[in-house]
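The values are calculated or read from the model by the stated rules, or taken from the named source; none is laboratory data. All values reported here derive from a predicted model rather than from experimental measurement. Note: ideal-geometry Cβ built from the backbone for every residue, glycine included; neighbour counts use all protein chains shown.
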Amino acid sequence: MKRPKVAGVFIFVCCLLTYLMLVKRHYAVSKPEVSRPPHPRPGSEHSRECGLRGDTSAVALSCQHGIMFDAGSTGTRVHIFKFQMESREAPKLVHETFRAIKPGLSAYADDPEKCTAGIMELLQVAKSSIPPSMWNITPVVLKATAGLRLLPGEKAKHLLDQVRAVFLESPFLSREDSVSIMDGTDEGISAWITVNFLTGGLHGADSPTVGMLDLGGGSTQITFSPQDEKTIQTSPIDYIRSFQMFNNTHTVYTHSYLGLGLMSARLAVLGGVDASPLGGSTELVSPCLAPEYLGRWDHADVVYTVKGQKAGEPVYEACVTKVEKVLYRKVTKVSEAADIDFYAFSYYYDRAVDLGVIGEQAGGTIKVADYIDAAKRVCSELSVSPLQSPFLCLDLVYISVLLQELGFPPHKQFKLARTINQVETSWALGATFHYIESLKRY
């Protein structure tokens, strides 16, 4: 009787051990491995993050592209931006592709159909840079600046119509307002957006912003965010603009002074008017040049003969008098601007490079007094030399007087930069943001 009982106990124990081993194996197999998540498959949620190139048939809302054409006077440039969009913050710039071609659109004014080849070439760059599944939600925009502003209205319209037709045939998002001539005020605001995005000024309602000064060839712009309510109340109504950007409302003081860019002002100081020689003559005389200087100057398709002029007073003082007459009652002084940090671009930068104050690529800082002192020195040492521009005295006097007329005292310091965080400080990035914001309202 004992043998069957022992056998029964033995069988029970074996069954129990077998059961426990099976249970243990089950848990070992089914337990998730939290330390090593599976590699994301193309098309999964993980691969749809901006910056990953998987199957993007289900488009990631976090990723946005924008294509901005800058149609300038000497060439057309395309900027292809890629952003990581944030729901409550400013987007992050992930990547920029840039390409440029020459000549500018205005070169085809008499044969507008020929401008389309260059536009299609640049669109091909955009196609190569953006996943096909995102083409139909990527806005393509062209903004024309100085080159087309100077053309007769009908010629400019025909060129823009050609570009608009190419855009509408492309796979990208295009509307009637995708092609236009940018006015100076919008150019100033767009450059301000670019600078403040790159410096962090648009990354929150409490982030401090900086002002923007741009001195082009035909116009000059000033844009900043007023901190003093008096500035808003006392400024001309069309100088104050408000707009939405990254879930915040921004109010800026902005104005573009057409005809007060460095080249247009140079012509006015020399005696020319509106890009035409005074009284039909192509000979210009100025005390801002070396008295013995005689040379040629090409401007706005006119070739001028330019001469120096002996004055009864030192060159610097005589030139200041001429410049002050050109600027008389044309510039609005803003006292608050002296207390705001400003970045300065274009010819402000170029002339600082000419003086050796900053490096050509590195940028730096400069004071209004530096321009004034340099103008006094250059004008007092004027001579005909192939190593120096004959117009440097005139240009420096103009810049120093213009800045003071705008309300900047001699001790005011500006930052000079061509790039910030390795991104070009042009209006193109800001204009792209502005256009994407406008799409949200439709």
Original post:
Are there any pairs, at least 6 apart or on different chains, whose C-beta atoms fall under 7 Å, with the first in region 356-383 and surrounded by fewer than 16 Cβ atoms within 10 Å (Cβ to Cβ) and the second assigned to a loop (DSSP other than H, G, I, E, B) and modelled with pLDDT of 95 or more, and if so, which?
Top reply: A369/P410; A369/H411
Original post:
Within the group V195, V140, V210, which residue is β-branched (V, I, T) and over 14 Å from H250 (Cβ atoms)?
Top reply: V140
Subject >> Cross-chain or 6+ apart pairs with Cβ under 8 Å, region 276-288 first and surrounded by 14 or more Cβ atoms within 10 Å (Cβ to Cβ) and among the small types (G, A, S), then at pLDDT 90 or above and not in a loop (DSSP other than H, G, I, E, B) >> reply: S286/V269; S286/L270; S286/V306; S286/K307; S286/G308; S286/C319; S286/K322; S286/L394
Subject >> Extreme residue, surrounded by the most Cβ atoms within 10 Å (Cβ to Cβ), among residues of region 125-142 that are over 11 Å from S174 (Cα atoms) and of a type outside the set (V, I, T) >> reply: A126
**OP:** Check region 377-386 and report whether any residue there is acidic (D, E), over 23 Å from the mean Cα position of the chain (by Cα) and part of a loop (DSSP other than H, G, I, E, B).
**Re:** yes
**OP:** Using the structure shown, decide if T425 is loosely packed, with under 14 Cβ neighbours inside 10 Å, within 18 Å of the chain's Cα centre (by Cα) and of a type in the set (S, T, Y).
**Re:** no
Original post:
Among K325, K330, which is over 28 Å from the mean Cα position of the chain (by Cα) and surrounded by fewer than 19 Cβ atoms within 10 Å (Cβ to Cβ)?
Top reply: K325
Original post:
Looking at region 115-129, is at least one residue part of a strand (DSSP E or B), modelled with pLDDT of 95 or more and not assigned by TED's automatic domain parsing to the domain that holds G216?
Top reply: no
Original post:
Could we say that R351 is assigned by TED's automatic domain parsing to the domain that holds E229 and in contact (Cβ under 8 Å) with a residue 40 or more places away in the chain here?
Top reply: yes
